[in-house]
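What follows is calculated from the coordinates using simple rules that are stated; it is not laboratory data. Fair warning: this is a prediction, and the values are worked out from it, not measured in the lab. Backbone-built Cβ (ideal geometry, glycine too); neighbour counts: all protein chains shown.
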Amino acid sequence: MLRWLSSRWTAPTPADVDIVPCCSLDLTSRAVIITFSFVFHAQLDVDILRQALFQAVEQKIPRAGARLVYRNGQYEWHIPKQFSAERPPARFTHAQLDAPLSAFNFPPSGGDMTQPCVADGNHEHLFKDSNVPKSLSDLLRPGTPALHVHVCTLPDATLIGVTSTHALMDAHGMRALLVAWTAAVNGSLDAVPAMPRTFDPLADIAVATVPTSRPVGEPMRFFPHSSFFTKVRFLVSYIWKAFHVGEERRKLVRFPKTWLAEQKRLCMDELSIRGTKEYVGTVDVLLAWLYKTVYTHRKDATLVRIKTVVNVRRLLPTFFAQPYLNNAATWTEASLPASVIASQPVLETALAIRRSIDSYVSPSSVSTLQQEMAWSAQFAGVGLKLMLPYLPGEEMLIASSWRSAGLQEVDFLGAAGGKSAKAVFAFPSLSEKGWLSMEGVGTLCCETDDAMWLSFTLREDAWTRIPRDGGLAFA
């Protein structure tokens, strides 16, 4: 209601901030409040962490110190021209606990299990303080920093949680922030390239791109054309599901590397027998196996749209020459009936996923992607018009990867007395997701010495069904 009323008059432009409209890719996930959670097997100096974070934001990524504002009918990033104690680059909190990390039975280990297993990741409270924003409304309160960082110090470990609206950054944006932060910690901040305050690559793409026609009703790939009545049906079913379907649960799934290597070997051996030059990656096999396990009971022909998130920065490098904090991701799609996912070999689903990715990132598709980004630039501040990721009666699976962003590669050694201090475990948690359903959403969030870890969300009844079907083990 307040946002509706605020759009009835024109609010003046503040003189003490730089203003950048939220790009259309940011606004899709603005209601999602996400915490990037990291575990370090070292005691990190909290004062060094705080000072370095503020220094990195002020000098290299001032967008991270912005306030999210809804003004004159659009969402904007308001970046203070001068940060101060009254207007800090971020809200930084610290807690100290006497218990060692092992007392929390975290990170989960999976024990000696040699097959994939599920572990509850119910440790979010260690990575955020009680006053962390829990909703978009919390972040829209005047003067509230978009970035909230909580450090929890244990006798043998340090836990860091970075919380904000997902509109502020994606995984590769988080990487840009961590690179600047660790450089400041390690005394090498001058060597890090800066993100200009008003950097807007989508607007640059729109200026540089000669308009060409896209298929009617399909301005972006993998958003199926839908009529007004189809959209109404979708919204009604979506809202009904939010209130009447079982509660969603996010869990961590552990995939032993030795098991994964064997599964991939079996797939590659079969491809070799076929005499084809096609290949599948380890993550393709991991996802295909998980999807087969989740859908193993399905006999119906419901179309399932399998989407894989792709980083736009590496596909359009000319327009992303500087670090970019905000969202720059789209997705590929492979569509299969539920019964086919359940019945066909893992290799076939893995191939479908790999083919969709290879087709999307091929040089011949770059011009199409540039056209799509240019088209979406017109919705800065207000978000894309309603486009459906799938049609009524269909289902969707989405997979993204922190592994490709290298979040565990950055080193806080300057805060650990000169000893290497890289995150040994990482995972996401959500304080709020608005109306968005997270069912079927997975993030390859962490890699340990012996396993890969996927954060995956299903309805409670779907999780309880899996043991009966004999798929995943539960640690």
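Annotations
- R0 of 30 Å, Cβ-Cβ distance R355-S437: FRET efficiency to nearest 0.05: 0.65
- Label separation (Q51 vs K277): 5.7 nm, computed from points 7 Å beyond Cα along the C-beta direction.
- Taking GluC sites (Glu not before Pro) in DSSP loop conformation with at most 14 other Cβ atoms inside 10 Å as exposed sites, the chain has its longest uninterrupted site-free stretch at 87-246.
- Only Cα pairs under 8 Å and 6+ residues apart enter the sum, and on that basis the relative contact order of region 1-124 stands at 30 percent.
- Spherically averaged projected area of the convex hull of Cα atoms, region 23-63: 4.4 nm².
- Listed peptides 31-40, 219-228, 148-157 by packing density, highest first (mean Cβ within 10 Å): 31-40, 148-157, 219-228
- Calculated mean residue ellipticity, 222 nm, the chain: -9000 deg cm²/dmol, from DSSP H runs (n ≥ 4) at -39500 (n - 2.57) each, averaged per residue and rounded to 500.
- Straight-distance crosslink candidates among lysines, where the alpha carbon sits under 19 Å from K231 and sequence neighbours closer than 8 are dropped: K241, K385
- Straight-distance crosslink candidates among aspartates and glutamates, where the alpha carbon sits under 12 Å from K81 and sequence neighbours closer than 8 are dropped: D16, D18, E58
- Here A11 and E460 are evaluated by their C-beta separation; at R0 = 41 Å the FRET efficiency comes out at 0.40.
- Selection from H166, T182, F199 lying farthest towards where the dipole of region 85-216 points positive, charges on Cβ: F199
- Straight-line cross-link reach from K128 at under 18 Å between alpha-carbon atoms covers these lysines, not counting any fewer than eight positions away in the same chain: K433.
- Considering only Cα atoms, the convex hull volume of the chain works out to 165 Å³ per residue.
- Toward the positive end of the charge dipole of region 1-127, with +1 on the Cβ of Lys and Arg and -1 on the Cβ of Asp and Glu, the farthest Cα among F38, A52, S84 is that of S84.
- Cα lying deepest toward the dipole's positive end in region 35-170, options T93, S130, A64, charges on Cβ: A64
- In region 387-475, the chymotrypsin sites (Phe, Trp or Tyr not before Pro) that fall in loop regions by DSSP, at most 16 other Cβ within 10 Å: W435
- Cβ charges +1 (Lys, Arg) and -1 (Asp, Glu), total dipole of the chain, debye: 1040
- Cα-centre dipole for region 81-171 with unit charges at Cβ (Lys and Arg positive, Asp and Glu negative), debye to 20: 540
- If you plug the beta carbon distance of K231 and F474 into 1/(1 + (r/R0)^6) with R0 = 35 Å, you get a FRET efficiency near 0.35.
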